[in-house]
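Worksheet: the structure to be examined is printed underneath.
Nothing in this text is a laboratory measurement; each read-out follows from the coordinates by a stated rule. These numbers were taken from a predicted model, which means no experiment stands behind them. Positions of Cβ are generated from backbone atoms using ideal geometry, with glycine treated the same way; all protein chains shown enter the neighbour counts.
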Amino acid sequence: MSLEKFMNEAISPWMRHDGPDSDIVLSSRIRLARNFSSQPFPTVARGEPLEEVLSFMDEHFTECSFREYEGLQLVKMDDLQPIEKRVLVEKHLVSPHLIEDRENAATIISENEQVSIMVNEEDHLRIQLYFPGFQLDKALEQASQLDDWLEEKIDYAFDEERGYLTACPTNVGTGMRASVMMHLPALALTKQINRMTPAINQLGLVVRGIYGEGSEAVGNLFQISNQITLGKSEEDIVEDLHSVVQQLIEQERKARQTLMNRSPVQLEDRIYRSYGTLRHSRVITSKEAAGCLSDLRLGIDLDFLKDIPRTILNELMVLTQPGFLQQYAGESLDPEERDIKRATLIRERINLEDDN
Amino acid sequence: MQCQRCEKYPATVHLTQVINGEKNEVHLCDSCAKEQGYMNQEEEKFSLNDLLSGLFHMEGSGSAGKLFQGNKQQQKESLQCSGCGLTYQEFTKAGKFGCATCYETFNERLDPILKRVHSGNTTHHGKVPKRAGGDLNLRKDIEKHREKLHQLINQEEFEEAAKVRDEIRTLEEELNQDKGGDS
């Protein structure tokens, strides 16, 4: 596999487009939890009911298209190698939960990888829709239409009082989790983010790392999402999240400006050191790489570094994850081998820009 | 440095205690530290599920201490879901429902749980699915029209109000037709 082709696969097609405020917001996502009314949930069901859900989805939605989300394809987890499953997680197409030995687990992915419908995760269906940059409203509108389209064929578990019924009480009601992935290097560098997190939590929103629940914020990437799903409309939830994200964007821009004004040389030094590390290191851990990539991206956003595409952060963050590295190497690697491979891959990727 | 307790393995846990100004240093290996209770393994495994099921157990007791006590004091629960066979006890332990019917089965006990998880909310105010929602969309629509009608009457805009009144009639007919079709 050629490196360039591999890169094409590391980054989902929709990520190539810049969205609004994409210097800070990398992506917006809407996730809807839905269940079939007639079948027990995957939390207790074994065998037949889950098989029925899977074959229903396969029969009705494989090779279908909904608007620009064309060529829906069903991928069964049982048909994949462990490394391939990891790659899907690293690309955020499925949750870590889905690949943990779940029965009849699958995902339906559109060609542009914007849509991913997980089947038999904790709920029968988890509909996910991604947009580049800060586009929560659009994501909600399209996700809701996609949901309507699915409902034409599926009898959803719904109750007038409780709303969409889900396996976990934390999802009931709208079943919706709206989230944005943000790059906040200046707020992290000035430690302001630590003070802001508790305030954000009080508003019913959650801040966490990019691989969801319990994950660390690597590379200064933060995922902000709603906690409450019951008692508020989808539009209100999105609006609340929207206004907090808007403020975070402003604060991050201000913090970047302050850094530029107060210590421009130190900032430039930091960016070029990280650039140097990425260009020349022979062994690099994923944590160090993530830190350097964050600096590199900041350098691009602040115009210190030119001729490097912004998407390099998204791209290399995914590319340097253990699953992807091993997929690229074509074999399983122990952690030390991975650190070497990671350094090689980053060097090659950055040199690729030089050649263009 | 070796573990000062077993003197066999290298010390990996280093603890400095200052009590009444007196400094005391402890150097232990992993397993000795665990035995001595310096590293609480239980705490490491504490997950969101534990937290949730803990919340359910708190029912009526109001004491946060119960969160960690498990279900020893729990009374025998006979409530069982007819849809999937899940018992109330199993539900509180796992913190997850087994099927749509569970919501009806455990309905009476859900409000306090949902209130805790969703900042005091217990009822849905969002999207209603077109098919599964039945005539709910229609009923909500009628409700909205009625509010509008009141407003218009208060504002003495009777011509507009008459139009809205007719719209309500049409909607209500539609609703009755739906019901007739069901029976």
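Rounded to the nearest 20, the size of the Cβ-charge dipole of the range A:210-350 about its Cα centre is 700 debye, with Lys and Arg at +1 and Asp and Glu at -1. Annotation note: GluC sites (Glu not before Pro) in the range A:82-139 located in DSSP loop regions with a Cβ neighbour count of at most 15 within 10 Å are A:Glu100, A:Glu103, A:Glu111.
Please give me, ordered by residue number, the trypsin sites (Lys or Arg not before Pro) of the range A:46-124 that lie in loop per DSSP and have at most 11 other Cβ atoms within 10 Å. The qualifying sites are A:Arg46, A:Arg67.
Once the Cα-Cα distance is subtracted from the 0.36 nm per residue extended length, the A:Thr285 to A:Leu352 segment shows a gain of 22.0 nm. Mean partner shielding of peptide A:98-110, defined as the number of other chain Cβ atoms within 10 Å of each residue Cβ, is 0. Need one word for the range A:198-356: rounded, prolate or oblate. Basis is the Cα gyration tensor (sqrt eigenvalues a ≥ b ≥ c); a/c below 1.5 gives rounded, then a/b vs b/c decides. It is oblate, given that a/c is not under 1.5 and a/b is not larger than b/c. Applying 1/(1 + (r/R0)^6) with R0 = 60 Å to the Cβ-Cβ distance of A:Arg310 and A:Glu63, what FRET efficiency is obtained, to the nearest 0.05? The calculated FRET efficiency here is 0.95. When you filter the GluC sites (Glu not before Pro) in the range B:100-183 for DSSP loop state and at most 10 other Cβ atoms inside 10 Å of their Cβ, you are left with B:Glu156. For the range A:182-275, a simple Cβ point-charge model (Lys and Arg +1, Asp and Glu -1, everything else neutral) yields a dipole of about 580 debye relative to the Cα centre. Entry for the range A:179-270 at q = 0.17, 0.26 Å⁻¹: log10 I(q)/I(0) = -0.75, -1.38, Debye formula applied to identical alpha-carbon scatterers, no solvent contribution. Cross-link check: pairs A:Lys76/A:Lys153; A:Lys232/B:Lys127; A:Lys153/B:Lys140; A:Lys232/B:Lys115; A:Lys76/B:Lys127 evaluated at a Cα-Cα cut-off of 19 Å; pairs beyond the cut-off: A:Lys76/A:Lys153; A:Lys153/B:Lys140; A:Lys76/B:Lys127. Starting from a Cα-only point model with no solvent, please compute log10 I(q)/I(0) by Debye for chain A at q = 0.10, 0.12, 0.15 1/Å. So the normalised log intensities work out to -0.63, -0.91, -1.35.
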